[in-house]
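The values are calculated or read from the model by the stated rules, or taken from the named source; none is laboratory data. Values in this document were obtained by computation on a predicted structure and should not be read as measured data. Please note: Cβ atoms are built from the backbone with ideal geometry, for glycine as well, and neighbour counts cover all protein chains shown. Calculation scope for accessible area: heavy atoms of the full protein, side chains included, ligands and nucleic acids excluded. Shrake-Rupley method; radii C 1.70, N 1.55, O 1.52, S 1.80 Å.
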Amino acid sequence: MDSDTTRDPLALVAGYRLRLQREQTTIRDRYLASGDAPRLLRERCCLIDQVLCDLWQGLDLPSSLALLAVGGYGRGELYPASDVDLLLLLPATPDAVLIKKLEQAVTLFYDIGLEVAPSVRTVDECSHEAAGDLTIQTALLEARLLTGSEELFGEFAAELEKVLDPHAFFEAKRSEQEERHRRYDDTPYSLEPNCKEGPGGLRDLHTILWIASAAGYGTTWHELAQYGFLTQEEEAQLQRCLVFLQQLRTQLHVHVGRREDRLLFDYQTALAEQLGYQATATRRASELLMQRYYRTAKEVTQINTILLVNIGTAISPQLQQPPRPINANFQNSNDFLDVVDEDVFQRDPAAILEAFLLMQKLPALQGMTARTLRALWHARTRIDSAFRADPGNRARFLEILQQPRGVLHEIRRMNQFGILGRYLPNFGKIVGQMQHDLFHVYTVDQHMLRVLRNLRRFLADEFAHEYPLCSELMGDFQRPWVLYIAALFHDIAKGRGGDHSRLGAVDAARFCNDHGLAAEDSELICWLVEQHLLMSTVAQKQDIGDPEVVGAFAATVKDERHLTALYLFTVADIRGTSPKVWNSWKGQLLEQLFRGTCRSLLAGGEVPVRQGLIEERQQEALRLLRYFALPDAVHERLWKQLDTVYFLRHSAEEIAWHTRALHYRPVVEQAVIKARMNPQGEGLEVMIYAPDQPDLFARLVGFFCRAGYTIVDAKIHTTRHGYALDSFMLLNVGDLGSDRAMISYIEHELQGCLNHGRPPEAPGNGRISRQVKHFPIHPLVTIEPDEKGAHYVLSVSAADRPGLLYAIAMTLAAHGANLHTAKISTLGERVEDTFLIGGGDLGMTASRIKLETELLERLKV
């Protein structure tokens, strides 16, 4: 080393810092030009190796010490923003002088610009700490000598080998992986997956190599193949998966400029473009990138599963009971389904589906052996057009869906190992496909399997308390497997362009015809696929208190079997989109529509006479009022001011509640506010009775939003004598604690807000979600006359954000539009709201166009 540089510490630091910056820039530029991530990882390691070795030689440190690379750096994978994990290995406990020199060395590493993660230990300390700490044990397992005493490094390696117990290490690493997967909901299909730690990410590959290394089976995939744990095809596939994940993580670090392993919405579009993905007419570039990621992660989990079983068996051989024959192709090996030889599926491809069927029929089987899983995976390509056309295979596939147990588990297993996508080619096309529609949080294939899961849960006793009506209906539903087939096809045409429901129905019809289903079952399956959004749309966007709406819906479903099937499917579908989308209010609406349609079908599909329906509700409301010992004529003064529309839109129970609160004060100067717990589920119901005033709806919306509530339903009514009688259904979206505790607050504060005549107050500005920010949807606004031509139906679809409903309310007020009803539907990060409006100058086409234009402008994110 140059003596002048040695005497000038500042020049030493500056020189090395400049060298690092210059050479790392060269490496980065070379990567950007070639896209070769493995080369970048190697070159960064080589560069840091050289710099550290050069520095170490110039430090006044004893020759008995050693500098080791550990962790990812020891493995030879140094990503652009990864820490440089170092172990300064000592032969004995250092004295004060050596401690100071070591501190100076580490400081120097930092000063030249290295993000080091150093540790200083003796060999004995390494041995002792590794024995009790799995993380340290793993990091040291990948240690390599950079410079210093080879003798000390050899001593260290020998001690580590003594500490390592391959069986205990395997069990600990397997448990660690299971816990890590649980942190990510046991799925690689997260919207924003972690490409390092998530299931199917780089860490799953590292885990296999750590276990193999601890057991002495090698440190590379090629060595594992030589030991017989991998085939050449599997080795090549793993290398492809590894290179893709390395490239993705490298590009992520380069793009973000710091350590980041989450594929956040903020980065997905840019990463896709940088990696060469191009948008199509129906799919974003980011969706194509993420599909490649999900499919890669799926392949990693497949091979990880197989290798863990194989290596675990090699490390800890179990006493093997003689296998018990099941049939000519399969045997029971320690309660695991095992092939009689590795060529079973090649020799008899029909055995592929038979394997899953046996898992369902033989409850004693706990799973499949590793060689069975591997043979299945390798045999997936035997599923071709001839296989799919074989009557026996078609019968077996149907039989899998018709079994009383194991349907979901085996369909999931078929999907995991690529069997399902081969048997249903169009299903294979949507595996790993993400739709950024702001309310589906799973890939298309995972969503459809979650719908299947929900349908199966309707039959399980342990979930009957969650879905009482669904469980009752499903228990009586003949041939429930038709619903499972509909689940596999209802979104199968996503991403093709056009109406995915109709395209999916075409696929379903072909499947039913090929599999010889009865005409009745085929018709129901295809109808469900094509109409699977119908019930949700009617319940959430139309006035289901209107007998004509219910009558029209009944005419579409035609009979009770179609109605029951659609109701069960709709609940399963909505609950399978996202944990945020379902709530008790949606469940209440769907159940109300289901029961109302049942009554309509029992009446022969005839729409009830309005007057007869009103009289029925009034009589029921009066019956309820008698429980409170009120006079028989208690209702008269209020009801004289209410018209037909009021009695059609409100249930008998709501009419009784309003009457009890207002019967003695039909004319008031101060607003009357009453709130109560929703009698049929979660949330609050709030009634407002006050002299009508401008901007009333906007005032109410602003207040409820500031109070931390979202409006899911609003019934706006003006009495004959000019009073507003409005009802709102609210759900708690803030951290407010008990809804019951908020009742007195709402009644007192809202009354003060309305009585003092303050102008509408806008809700606070909250944060727009990152998903909305990076995957915006174009808002849609339509204004069309209703069927009677008396009012207009305003439909709004837009990305959700704080204050959205308030902006709509203020725009309507500015145009003098009167609001009659509001159906507020939030689907994840998207809203689809429907309003019945009238008044102002809405009768003029130019005015409606102006209102649409202004709403579109206000709805832009």
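If each residue of separation counts as 0.36 nm, what is the full-extension length gain between residue 346 and residue 158 once their alpha-carbon separation is subtracted?
Working: separation 188, 0.36 × 188 = 67.68 nm, distance 4.61 nm.
63.1 nm is the gain from fully extending residue 346 to residue 158.
Counting only DSSP beta bridges whose two residues both lie in the chain, roughly 85 percent are antiparallel.
Each Lys and Arg contributes +1 and each Asp and Glu -1, all at the Cβ; summed about the Cα centre of region 1-101, the dipole is approximately 200 debye. Using all alpha carbons of region 339-382, what is the percent of pairwise distances in each 5 Å bin, ordered from the shortest bin to the longest? Once binned at 5 Å, the Cα pair distances of region 339-382 give 5, 24, 35, 24, 10, 2. Normalised by 2.2 N^0.38 Å, where N counts its residues, the alpha-carbon radius of gyration of region 232-308 equals 1.19. Normalised by 2.2 N^0.38 Å, where N is the number of residues, the alpha-carbon radius of gyration of region 556-632 equals 1.48.
Helical runs (DSSP H, four residues minimum) scored at -39500 (n - 2.57) apiece and divided by the length of the chain put the mean residue ellipticity at 222 nm at -17500 deg cm²/dmol. Partner aspartates and glutamates whose Cα lies under 17 Å from the Cα of residue 850, excluding those fewer than 8 positions away in the same chain, are identified as 784, 841. Per residue, region 75-215 exposes 43 Å² of solvent-accessible protein surface, assessed with a 1.4 angstrom probe and all protein chains in place. Sorted into 5 angstrom bins from 0, the C-alpha pair distances of region 122-200 split as 3, 14, 20, 16, 13, 12, 11, 7, 3, 1 percent.
Note on exposure: 761, 287, 159, 462 ranked by accessible area (1.4 Å probe, complete protein assembly) read 462, 761, 159, 287, with the most exposed listed first.
Between residue 95 and residue 185, what is the FRET efficiency for a Förster distance of 60 Å, r being their Cβ-Cβ separation, to the nearest 0.05? Could the numbers behind the result be given before it?
On the way: r = 51 Å, r/R0 = 0.85.
About 0.75, to the nearest 0.05.
Gyration tensor over the Cα atoms of region 315-431: the corresponding equivalent ellipsoid has semi-axes (square roots of 5 times the eigenvalues, largest first) of 24, 15, 14 Å.
Order the following by accessible area, largest value first: 43, 171. Probe radius 1.4 Å; ligands, DNA and RNA are ignored. Walk me through the numbers on the way to the answer.
On the way: 43 40, 171 60 Å².
Highest to lowest solvent-accessible surface, that is 171, 43.
With distances taken between every two different alpha-carbon atoms, region 135-255 has a Kirkwood hydrodynamic radius of 16.2 Å. Remark: spin-label model distance residue 324-residue 751 equals 7.4 nm, labels positioned 7 Å along the Cα→Cβ axis. Computed on region 366-516, the Cα convex hull volume stands at 139 Å³ per residue. Find the percent of Cα-Cα distances in region 504-619 that exceed 16 Å, and round it to a whole number. Roughly 63 percent, once rounded to a whole number. Label zone of residue 314 (point 7 Å out along Cα→Cβ, amide N under 14 Å): in region 219-238 this covers 219-232, 235.
Could you tell me what % of all Cα pairs in region 665-727 have separations over 15 Å?
On the way: 1038 of 1953 pairs.
Roughly 53 percent, rounded to a whole number.
Remark: C-alpha extents of region 386-456 on the principal axes read 42, 28, 16 Å, sorted largest to smallest. Building the convex hull from the alpha-carbon atoms of region 1-78 and averaging its projection over directions returns 5.9 nm². Shown is the FRET efficiency for residue 680 and residue 34, computed with R0 = 60 Å from the Cβ-Cβ distance and rounded to the nearest 0.05: 0.45. The stretch between residue 42 and residue 519, if pulled fully straight at 0.36 nm per residue, gains 165.5 nm over its current Cα-Cα span. Out of every Cα-Cα pair that region 274-322 contains, those further apart than 15 angstrom amount to 64 percent.
Which whole number of Å³ per residue matches the convex hull of the alpha-carbon atoms in the chain? Let's see the in-between values first.
Details: hull volume 187.7 nm³, N = 861.
It is 218 Å³ per residue.
When Rg and Dmax are taken over the Cα atoms of region 459-556, they come to 15.5, 42 Å.
In this simple spin-label approximation, residue 629 and residue 144 carry label points 7 Å from Cα along the Cα→Cβ vector, and these lie 8.9 nm apart.
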